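The values are calculated or read from the model by the stated rules, or taken from the named source; none is laboratory data. All values derive from a computational prediction rather than experimental measurement. Using ideal geometry, Cβ is built from the backbone for each residue, glycine included, and neighbour counts are taken over all protein chains shown.
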Amino acid sequence: MLTVLLGLFGLGIVVFVHEFGHFIAAKSLGVAVEAFSIGWGPRLAGFTRGGTDYRISVFPIGGFCAMKGEDSYRRAVERGDAEMPREPGTFYGASIWRRMLISASGPVFNLLFAIIVFSVVYGVGIKYSSPGTRIVLASESAGSERFPADEAGLMTGDLILTIDGTAMANFSKVQEIIAVSPSKPLSMLVRRNAADLTVAVTPRLDRKRGIGMIGVRSWVDPLIESVKPGSAAAFAGIEPGDLFISAAGKPVRHAAELSDLLANAGSSLPIVVVRRGVPIEKRVALLDSRNGAPILGVGFKLDRFVDRESTIGLAVARGFGETVRTISLTLKGFASLFSGVDLVSAVSGPARITYMVGEVASQGFETGVVDGLTSAFNFLALLSIGFFIMNLLPIPALDGGQIVLFAVEGLRRKPLRLRTIMRYQMVGFTFILAIFVMSTLADVLFFTRN
């Protein structure tokens, strides 16, 4: 419940920023705003000033900006008019460039929000945990399937030092570069048995996730840092500081091996851990599962990192740079949707996005309020960039679709006929409905599998 509430609140911030952009632009450009609300639903409280009803609504999620004359389209359709009315002070009564600026202001505010948040996050410093760059080949647990890592000659235990000349501080950085490089040859400098060698590997497009992959997992020493209360590990008496050395009678070198043994364990698993230098035998009754694999309920010790800039100027520059980089990655992600990926697996709907926002926030708050806020707002900045790009797509019912209509009107030097607008809107609504159905199906499958 906490995850859902945090997710709804976070998603609401992004929506509110978007609507606030429309509000500021409309007020500045002479379009009357009838209501500006924090939240949705019936009016709970508020006041009226300058002809605008500033209100707090019952459901405090996001908000809306109701401009005068926005419903002219609906009323004109109901009356059977050929064109929309253009009354002074209304949205459609404003000049073309004013309407275009008002429509663009919501996405632009989402972009500014992302730049500001990234700048603050990298000024304060964002903390995260990650394994090192030592790898485990995924093919060791995938039967006869071979991956680009196998074809390139990588081996379990290799330590990735650089990729295309860029030093790799942790496995998160390795994943980041691989994910955005499907079909792009990468040069890796790896260390194997105290010797350094260069390996060329070309990531393959993972059609389920829409990202590049080479078939490696991180090497994590099976040293337990945390045990979840009420979990299978807790009931078995496993404690933080224990080191797994075997499971089901087989040696355990790293967490990936333990995960593979768990996947085939059945209802219980005999294990051996070392506690303060003494081997201890345990039998774990596996209570819960995820995606068909038993859940042990332990967290392994990872390296801690802090990503922070040393000055305000560098933090602001990093904020701009991170925003540009995220836009580029998001556009690449959109392009991958037309590369034969599994859309149901690759696309997230509102329910999963809400859950992800809440999960990031709740996990961050486990280590402190500041860590929770920086992690949550960093994710909201990413989401805000998604809003910026999505709303500028030339699709009716979105801001980009409105801008296209206004641009065409400007080129024609006369208003579009209502029938033309209706046809355009119908195409757009059909497209939006298809996306909604697909993303909802993806969310349902995600939650039922988890």
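Data table
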read-out	value
Number of the exception - THR198 against (1) of a type in the set (Ser, Thr, Tyr); (2) more than 31 Å from the chain's Cα centre (by Cα); (3) closer than 23 Å to GLY299 by Cβ	(3)
Some residue of segment 91-99 being in contact with a strand residue (DSSP E or B) (Cβ under 6 Å, 6 or more places away or on another chain), part of a loop (DSSP other than H, G, I, E, B) and farther than 30 Å from ILE312 by Cα	yes
Verdict on ARG253 being surrounded by fewer than 18 Cβ atoms within 10 Å (Cβ to Cβ) and in a loop (DSSP other than H, G, I, E, B)	yes
Any hit, segment 157-171, residues being in a helix (DSSP H, G or I) and not assigned by TED's automatic domain parsing to the domain that holds ILE24	yes
Scope segment 34-77; condition among the hydrophobic types (A, V, I, L, M, F, W, C), surrounded by 17 or more Cβ atoms within 10 Å (Cβ to Cβ) and farther than 17 Å from VAL15 by Cβ; matching residues	ALA76
Filter pass, PHE379 being at pLDDT below 85, in a helix (DSSP H, G or I) and out of contact with any Leu (no Cβ under 8 Å at 6 or more places or on another chain)	yes
Condition met for PHE118 (surrounded by 15 or more Cβ atoms within 10 Å (Cβ to Cβ), without any contact (Cβ under 8 Å) to a residue 60 or more places away in the chain and in contact with a Phe, Trp or Tyr (Cβ under 9 Å, 6 or more places away or on another chain))	no
Any hit, segment 54-77, residues being in a strand (DSSP E or B), at pLDDT 90 or above and in contact with a helix residue (DSSP H, G or I) (Cβ under 9 Å, 6 or more places away or on another chain)	yes
For SER37: the one exception among (1) free of Cβ contacts under 8 Å to residues at least 60 places away in the same chain; (2) within 21 Å of the chain's Cα centre (by Cα)	(2)
Segment 178-188, residues that are surrounded by fewer than 18 Cβ atoms within 10 Å (Cβ to Cβ) and either touching a strand residue (DSSP E or B) at 6+ places or on another chain (Cβ under 7 Å) or touching a residue at least 40 places away in the same chain (Cβ under 8 Å) (or both)	VAL180, SER183, PRO185, SER187
Residue count, segment 223-232 (criterion: without any contact (Cβ under 8 Å) to a residue 24 or more places away in the chain and surrounded by 15 or more Cβ atoms within 10 Å (Cβ to Cβ))	0
Test: residue in segment 233-251 that is closer than 26 Å to GLU145 by Cβ, without any contact (Cβ under 8 Å) to a residue 60 or more places away in the chain, touching a Ser or Thr at 6+ places or on another chain (Cβ under 6 Å) and not acidic (Asp, Glu)	no
